[in-house]
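Structure, as C-alpha cells:
Throughout, read-outs are computed from the coordinates displayed, never taken from laboratory work. Computed from a predicted structure; not experimentally measured. Note: ideal-geometry Cβ built from the backbone for every residue, glycine included; neighbour counts use all protein chains shown.
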Amino acid sequence: MKFVAVAVLLFSIVRLQRAAAEPTEGAASAKPEQMVNFSLLDYRGKYYEMKQAEARAVVLFFTGNGCPIARQSIAKIRSLRSKFGKQGVVFWMIDSNLQDDRQSIAEEAKEFGVGSIPILMDEAQALARTLGIKRTAEAVAISTTNWTIFYRGAIDDQLVEGAKKPEARENYLRDALAAFLEGKPITNSQTKVRGCLINFAGESKSEKTATVSYANEVAPLLEHKCAGCHSPGNIAPWSMTSYKKVKGMSDMIQEVVLARRMPPWHADPHIGKFQNDRSLSLEETTTLLRWIEQGSPRGEGPDPLTNVVAAESVWALGKPDFVIALPKQQSIPATGVLQYRYEDADFEMPEDAWVKAAVCRPDNRKVVHHIIVRVRYPAGHKLKSSEEVFFTSWAPGNTSPLCPDGTGKFLPKGSTFNFEMHYNTIGKPEVDQSELGLYLMKEKPKLVLETRATETRELDIPPGDPNSRSFCLYHFKKDTILYDLVPHMHLRGSWFKYEALYPDGKRELLLSVPKYDFNWQTEYRLAAPKTVPAGTWLLCNGAHDNSTRNANNPDPTKRVHWGAQSFEEMFMGFMNVAEAPSASTNVIQEAAQKRALDSTASQ
C-alpha cells in the first residue's frame, strides 16, 4: 500500500464516530473517543509520535496560517503549557491547511511567538479527517493511560468568529486538564469550536454525497499500488484477491494508510525527488478513506482484484544468463531470533562479464528478511581487494534491480559469491533456497556502476539514550554521478540524512529519513542522477534510539557497539555511483590487460 507523498509517518488512528451536529457548550460526550497512535513531522522536518511522548496527556491544538482566533490562542497555549507542562502535559499544534507550507508556517510561528511549541503538519489531512476536525482552534486532550480523548473543543469562551469578550468567563481546557490530573470527573468534556473552517480536498457538495465506486476507483487503485505485495505467496500477510477480502480488512486498510506503515516510504517529502517514490497522491488517499468511511460499499461493476494471481515463481526480468543458488536448502525454525547466515555459492564466473541487473530472488518470501550478496574477486586483479565486496541485495522496499541507464557492473572471470541471509521466524518451520540471477550486457556500457559506502565503526551507544548521534564522511576525488542512496542501521536506527558539502562552500540536503525502519531497507533512487564535482564531501549523520520508547530495541539496558548482527549496530551510507565521463578511465581494460600479461608471464 503506497502512501501520500506529503504526509509523513502518520500512525494508526481508529475511525472516530462523531455526532453530525456540533455540541452545545457544556455538553458532555456520551462515550470517550479512542485513539491509538499517530505520528507527523513538524515544519522543521522533526518526527513526533504520540506514543513516544513522555507525558500523562497530549493536547493537540489545530491551527492555520492567517486564522485570527488561532493566532490569538497562541499566548493561551503558552500559558497552559507553562502551568501544566511540569505535571506531564505536552502541547502540539497541528496545521491541516493544504495552503500552508513549511516556509509560511515558520514565518507565522516566528511572527506570533510560537517559540518551542511544535507545529506538526497534517499534510494529507488524514488526522483532521479521522478526528472530524472542521475548524481551526479546536483542542483535543488525550490521556496516554488508555488513549482516550477526555476533552475536545474550544480553549475557553473568549474568542468567537468576528468578536471577542474582554476576558474568558469559562476556561474549558484549563479546567479539563486540572480535573484530569487530579483524577476528578470532567464537567464539560466537549464544547463548541470557534475557529476558521478548514478546506478539505475532495469536499465539494457533489463529492461529499457521491458514493465511491469500488470497481472503477478503489479496486484499480489497490491493484496498481498494493497487490504487488498483497498477493498469494508474496511478502504481505494477506492477499487482495476479492472484494470480500478487502472489505473484511477495510478498517485495517484505513489504519495502515493513516499510519503510513505499509508499504513504507520514509523519506521526508520536502527533501529530494525519487523515481521509486511509492506514496499515494492526496486524491488517491482521499478516495480510499472516503470509501471506507462510506462503509466500503460493493456497488456495481466487475471486480478487478479477482485477477490478482500468486507471486511469480519465475524471474520478473526473464530468464537470467546465470543463476546462482544457495549451496543447500536452509531450514528455518518455527520461533526465535536468528543470527545472520553466510553461505558461499558453488559457482565461479566462467568469463569476464558486464552485468546490467543482479537480481536476488527470495525463494520463501514469508521468512526472508534480506539478502546481501558479496563478490570475492580473483587474486591479482586491481579493481578491488581480494576481500568480499558488496555486489547486490534484496530487502522489502528495495525495488531497483536494474542498473541505471548507460551503466553496468563488471565481474571478472573467477569471481565467486557469498550470500548473507537474514531470516525471520513465523510460528512454523519453513525452508528456503534463494537465488541470484545475473543479466549480462552484450557490450561494455558507457559508465561503470559501483556501490560505495561510508561508515563509522566507532559506535558507543549508551543504555537508554534516545538520540545517540553518529556521522561519517565520504570524499569524491573525481567528478561523480550519484544515482541511489541507501541508509543502513539496525534495530536501534532512528533517523538518517545525506548532505553534500560542495567545494565552493555550499551545502545541499539530498535525503532525509526522519523515522528509519530496519524492516524496510529502502533504496532511494534519485529522480534525476546528480553529478557532484571533485572535492565534494558526502556527510551522513543520524542517530540511534536505545531507549525504552523504541519498540524494536532488543535491550535498552545494554551499551551497544558496532557489529554485524541485528542486535548490534551499524551506521552506513551506501550509494550507487559512476565516475563522470570526463573523469572515467578504462579500468576494466587495464585489468584485463594485466591478467593477460600475468598469464603470459606464468607460461
Practice task
Before rounding to the nearest 500, sum -39500 (n - 2.57) across all DSSP H runs of length at least 4 in the chain and divide by the residue total; then give [θ] at 222 nm in deg cm²/dmol.
Solution key: -5000 deg cm²/dmol
Practice task
For each of Tyr172, Tyr43, count neighbouring Cβ atoms within 10 Å of the residue's Cβ, then give the residues from fewest to most.
Solution key: Tyr43, Tyr172
Exercise for the section: Consider just the alpha-carbon atoms of the stretch 392-543 and return their Rg together with their Dmax, both in angstrom. Expected result: 18.0, 58
Problem - Ellipsoid equivalent to the stretch 322-446 - semi-axes via the Cα gyration tensor, in Å - result: 28, 16, 11
Handout entry: Order of Leu411, Leu305, Leu509 - criterion: other Cβ atoms within 10 Å of each residue's Cβ, fewest first
Key = Leu509, Leu411, Leu305
Handout entry: Unit Cα scatterers, Debye sum, the stretch 218-327: log10 I(q)/I(0) for q = 0.13, 0.15, 0.21 Å⁻¹
Key = -0.60, -0.76, -1.22
Practice task
Please work out the FRET efficiency for the pair Ala527 and Thr456, using the Cβ-Cβ distance as r and a Förster radius of 25 Å; give the result to the nearest 0.05.
Solution key: 0.30
Problem - Solution diffusion estimate, µm²/s, Stokes-Einstein, the stretch 33-182, Kirkwood Rh from C-alpha pairs, 4 °C, viscosity 1.567 mPa s - result: 83 µm²/s
Exercise for the section: Grab the beta carbon distance between Val314 and Trp537, set R0 = 41 Å, and tell me the FRET efficiency rounded to 0.05. Expected result: 0.40
Practice task
Once you have all Cα-Cα distances for the stretch 105-241, histogram them in 5 Å bins from zero and send the whole-percent values.
Solution key: 2, 8, 11, 13, 16, 14, 10, 9, 8, 7, 3, 1, 0, 0
Fill in the blank from the handout: Descending packing, highest mean Cβ count within 10 Å first, for 150-163, 524-537 is 150-163, 524-537
Practice task
Please turn the phi angles of the stretch 408-421 into ³J(HN,Hα) values with the Karplus equation 6.51 cos²θ - 1.76 cosθ + 1.60 (θ = phi - 60°), one per residue in order, whole Hz, x for glycine and proline.
Solution key: x, 9, 9, 10, x, 4, x, 5, 10, 10, 10, 9, 9, 10
Practice task
Please order Ser242, Ser189 by the number of other Cβ within 10 Å, starting at the fewest.
Solution key: Ser242, Ser189
Handout entry: Length-normalised contact order of the chain in % [C-alpha pairs under 8 Å, at least 6 apart]
Key = 14 percent
Problem - Whole-angstrom Cα spans of the stretch 454-591 along principal axes, big to small - result: 52, 36, 26
Problem - Along each principal axis, Cα extent of the chain, largest first, Å - result: 101, 58, 44
Completion exercise
In this structure, the FRET efficiency calculated for Phe112 and Gln87 from their beta-carbon separation, with R0 = 22 Å, to the nearest 0.05, is 0.30
Problem - Cα-based equivalent ellipsoid of the stretch 248-299: semi-axis lengths in Å, sorted from largest, via gyration tensor - result: 25, 12, 8
Practice task
Take every Cα-Cα distance within the stretch 124-191, group them into 10 Å bins from 0 onward, and report for each bin the whole-number percent of pairs it holds.
Solution key: 19, 46, 29, 6
Exercise for the section: Taking the Cα centre of the chain as origin, work out the dipole magnitude from +1 charges on Lys and Arg Cβ and -1 charges on Asp and Glu Cβ, in debye rounded to 20. Expected result: 920 debye
